[in-house]
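Notes follow the structure.
The values are calculated or read from the model by the stated rules, or taken from the named source; none is laboratory data. Keep in mind the model is a prediction, meaning the values are calculated, not measured. As a convention, Cβ positions derive from the backbone with ideal geometry for all residues, glycine included, and neighbour counts pool all protein chains shown.
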Ligand SMILES: [Zn+2]
């Protein structure tokens, strides 16, 4: 066991290790059975009802150990397969358009697009190094339009954010802190058409009026931006 945190008084969440397997444990009152779930890029999730002994949990995990390892390995393989290599000719996106990567050795590092090519200048960098150059480029590209788009969204909604930051996120397109009126947008939005970033800004601003994802919330969002659903659908591709 590494650390333990209680999210609310009802749900118990903690990390634990059983026979070399790293797990996230989530115990909820009312849940009937134990479940194990292998997740990409995350620890295996063990969920179940509150009040079970450590021994019960351990035995359950051990009886599924072989399958878990097999699934984890298969998942990791497919994940690596999807990862970019940053080699010549590879397809990359910027604002919904497709470009072919053109890496070039150069003294000064940087990237830009011209016609259907994305030129990536690098000093003999490996995969991670090239990725970093591209991410820096993406960040600059997003910065170019973010403030104008935010202003437009603020004028449309009549709501104001104190701050808007760009962040690389894995599971969400945007998030907000209502109390501090702060918004975060996912750096990867730079790959999609501009209306997608705009729809995320509208979404997060609307949370200043309505916290939940309920009928009222979506009514507000659609009222602010009639193409909201269309933009969000593009993000699901
Ligand atoms: Zn939301």
Options 160, 170: the member that is more than 14 Å from the ligand (Cβ to nearest atom), touching a residue at least 60 places away in the same chain (Cβ under 8 Å), in a loop (DSSP other than H, G, I, E, B) and not assigned by TED's automatic domain parsing to the domain that holds residue 118 = 170
Given (1) crowded, with 17+ Cβ neighbours inside 10 Å; (2) closer than 27 Å to residue 234 by Cα; (3) in contact with a helix residue (DSSP H, G or I) (Cβ under 9 Å, 6 or more places away or on another chain); (4) modelled with pLDDT of 95 or more, residue 102 misses just (3)
Filter pass, residue 139 being in a helix (DSSP H, G or I) and away from the ligand (no atom under 16 Å from the Cβ) | yes
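For residue 205, indicate whether it is modelled with pLDDT of 95 or more, within 14 Å of the ligand (Cβ to nearest atom) and either under 15 Å from the mean Cα position of the chain (by Cα) or not in a loop (DSSP other than H, G, I, E, B) (or both).
On the way: modelled with pLDDT of 95 or more: yes; within 14 Å of the ligand (Cβ to nearest atom): yes; either under 15 Å from the mean Cα position of the chain (by Cα) or not in a loop (DSSP other than H, G, I, E, B) (or both): yes.
Criteria met by residue 205.
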Out of the stretch 110-136, which residues are in a helix (DSSP H, G or I) and surrounded by 19 or more Cβ atoms within 10 Å (Cβ to Cβ)?
-> 130, 133, 134
Among 165, 216, the single one that is outside any helix (DSSP H, G or I) and either without any contact (Cβ under 8 Å) to a residue 12 or more places away in the chain or not assigned by TED's automatic domain parsing to the domain that holds residue 95 (or both) is 165
Can you pull out the residues in the stretch 18-42 that are assigned to a loop (DSSP other than H, G, I, E, B), within 22 Å of the chain's Cα centre (by Cα) and either within 19 Å of residue 63 (Cβ to Cβ) or not assigned by TED's automatic domain parsing to the domain that holds residue 71 (or both)?
-> 38
